[in-house]
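Taking it in order: structure first as structure tokens, then the write-up.
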Amino acid sequence: MPTILQTKTTLKRKVSDNIGNVLKELGVLVNPSQEAFNTLVSLEAAFKRLESQRMQGNIAREQMNVEYGSITARLLGFIDSLEEEDVLLLRLMQQEIFEHILVVAKSEARAAYLQQFFPSDYFRNLCYDSSARPLPATGIDIILYDDTPAPGPNEKDELLLHYLENTDAVVLYFGRHSPLVWEYPEKAYATNSIFSLHARIKEMTEYLKYKDAFEQQKQNGHD
């Protein structure tokens, strides 16, 4: 599980990109029963007022920059002030992925590149393979198949076909396009962007959770 320090560092790095998104993340992390939550509500109100003024054109650019700077400083100070008791532990835990994930890459260099997107504090059971050999993938829940470089137009991707046909895991295809993926709609999913990679994985973990619950329900004799 990410520590409070790691969470605070991640949030502070996001402030310069989008204050609104950071406020939303804090809204689900901060415990409403703590005094810190009141400070957060005050920050949210100040940001909403400024955004409203900006959209209505009721504030000069120079003044707007001053106000944004003030809110940014207040927000960074607020994040620094957070203690463990201010944060909902359950929310931190919900950010972790415990499903067993196998990342299949076509080279060691590509596997090393992908590692930056899967910090071990969040992805607790993840391993990599770049051997180009078909593995049984026993005990694996999700296979992330990285199709870089992609095969030629007339080449058949035997390794991808193996994971689609001969394993129990669901497959997340990461690449430009593969006709094979569309032939297995209940087995495979696809993304071609780093920015949607984590969202697709979370969607697949949700699917697996409900699928397992349904299988358990059938075993217990319930309709």
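Residue-wise HN-Hα couplings along region 188-197, as the Karplus relation 6.51 cos²θ - 1.76 cosθ + 1.60 with θ = phi - 60° gives them from phi, are 10, 9, 9, 8, 10, 9, 4, 5, 9, 4 Hz; Gly and Pro carry x. With the largest listed first and rounded to whole Å, the semi-axes of the equivalent ellipsoid of region 45-84 from the Cα gyration tensor are 25, 11, 4.
For the peptides 105-114, 21-30, 51-60, the ranking by mean Cβ contacts within 10 Å, running from highest to lowest, is 21-30, 105-114, 51-60. For region 29-61 versus region 150-223, the inter-centroid distance based on Cα atoms is 41 Å. Pairwise inverse Cα distances across region 4-93, averaged and inverted, put the Kirkwood hydrodynamic radius at 13.7 Å.
The lysines within cross-link reach of Lys156, meaning a Cα-to-Cα straight distance under 30 Å and a gap of 8 or more places when in the same chain, are Lys106, Lys187, Lys202. When you restrict to C-alpha pairs under 8 Å that are six or more residues apart and normalise by the size of the chain, the relative contact order lands at 15 percent. The amide H of Ala190, built 1.01 Å from its N in the peptide plane, has Tyr173 as neighbours under 5 Å, considering only residues 5 or more places off or on other chains.
Size check on region 77-152: the Cα extents along the three principal axes, sorted descending, read 53, 28, 17 Å. Per the Kirkwood formula applied to alpha carbons, the chain shows a radius of gyration over Rh ratio, Rg over Rh, of 1.08.
Any read-out appearing in this document is the output of simple, stated calculations on the displayed coordinates, not a laboratory observation. Model, not experiment: these values are computed from the prediction. So basically every Cβ, Gly included, is an ideal-geometry build from the backbone, and we count neighbours across all protein chains shown.
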